[in-house]
1. Ordered by residue, what ³J(HN,Hα) values in Hz, to whole numbers, does region 14-19 give under the Karplus form 6.51 cos²θ - 1.76 cosθ + 1.60, where θ = phi - 60° and Gly and Pro are x?
2. Considering only C-alpha atoms, what is the centroid distance from region 33-58 to region 83-151, in Å?
3. Quick check: net charge around VAL23, other residues with Cβ under 9 Å of its Cβ, Lys/Arg +1 and Asp/Glu -1?
4. Can you tell me which of 163-173, 78-88 comes out highest on packing, and rank the rest after it, using the mean Cβ neighbours within 10 Å?
5. Hey, can you grab everything whose amide H is under 5 Å from the amide H of MET103? Only 5+ residues off in sequence or another chain; H modelled, so Pro and N-termini drop out.
6. Out of region 39-141, which trypsin sites (Lys or Arg not before Pro) are coil in DSSP terms and have no more than 12 other C-beta atoms within 10 Å?
7. Step through the residues of region 198-211 one at a time and calculate ³J(HN,Hα) from phi using the Karplus curve (6.51 cos²θ - 1.76 cosθ + 1.60, θ = phi - 60°), rounding each to whole Hz and writing x for Gly and Pro.
8. Could you tally up the Lys pairs in the chain with alpha carbons closer than 15 Å? Skip any pair fewer than 8 positions apart unless they're on separate chains.
Amino acid sequence: MLDLGKLRVSLTKNGYLKIADVVRRHPRWEVLDNIRGVYRGINLVRSQVGNIMGEDLTGELPEFWDEIRSHSDHALDAFVLVAIIMSHVELIDLLKSSSQGDMKGYLERGSIGEKAFTNLVYAMALCDLCDYERGAKAVTYDMRRLVYVLRKAGPVVRQLIEFKLRQCGWRPPERPMGTDFFAECEENGIHRVFGLDPEDFRNWLRGRLKVGPPAEHDRSLLRKPR
């Protein structure tokens with residue numbers, strides 16, 4: 001049985017989407033040495049970045065961080081957001097409970113800590129998943145853009161989620177007491193984090209999901225944070 005409670009990262013810090021800016025510039029073995037005091041405006045906490053990215057005991061990061069670099073800038077931003085969400089059980093639970101299906105959801109202020117709510121909504125807005133309005137009591141979001149920009153990177157997203165689930169005790173079928181990856185995801189509602197049904201979630205992570213971009217009238221409603 002998985003213990004998602006093992007996934008913990010600070011929810012009071014902001015700016016972790018800037019991880020993508022460093023990954024664009026460096027292979028994975030150089031990233032953690034360049035997340036603070038090297039680039040203007042990027043001063044992240046190494047221990048927290050290591051937690052989000054999956055640093056091992058030797059200081060290495062998983063290979064999927066190099067794989068995602070071959071995809072678009074938008075895909076890299078979205079991938080980092082997935083990594084942030086999958087690094088804390090409260091974010092996973094919040095998005096599961098706020099999902100309304102069809103990749104849409106509704107977040108209310110007060111459903112999580114004030115700072116954590118603001119940071120999450122701000123990061124989602126940077127990825128064009130919602131509007132950002134300072135002090136708003138609630139926000140409607142649409143995960144379609146995230147799923148769409150990562151449609152060709154589904155297998156890499158699967159590697160990321162598998163890595164996070166291993167931290168919670170999951171083992172693949174070939175290991176003793178191992179279980180099917182998708183069965184574990186469905187049992188723990190991981191597909192609902194992205195507003196997908198189980199079949200679409202499987203197809204997404206296999207790179208087979210047929211999904212179009214958000215409608216233009218929906219895109220016009222999204223505003224970048226100021």
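Bear in mind these aren't lab numbers, they're just calculated from the coordinates by the rules spelled out. The shown structure was predicted, so the numbers you read here are calculated from the model rather than taken from an experiment. Here the Cβ positions follow ideal geometry from the backbone for every residue, glycine too, while neighbour counts run over all protein chains shown.
1. Whole-Hz 3J(HN,Hα) from phi for region 14-19: 10, x, 6, 5, 5, 3.
2. Rounded to whole Å, the Cα centres lie 23 Å apart.
3. On the way: positive: ARG24, ARG25, ARG28, ARG69; negative: ASP21, ASP66.
It works out to a net charge of +2.
4. Numbers: 163-173: 16.1, 78-88: 23.9.
By packing density, highest mean first, the sequence is 78-88, 163-173.
5. Residues meeting the amide H criterion: LEU196.
6. ARG40, ARG134, LYS137
7. x, 5, 5, 4, 4, 5, 4, 6, 9, x, 10, 6, 8, 9
8. On the way: LYS6/LYS164; LYS13/LYS115; LYS96/LYS104; LYS115/LYS137; LYS152/LYS210.
Number of lysine pairs found: 5.
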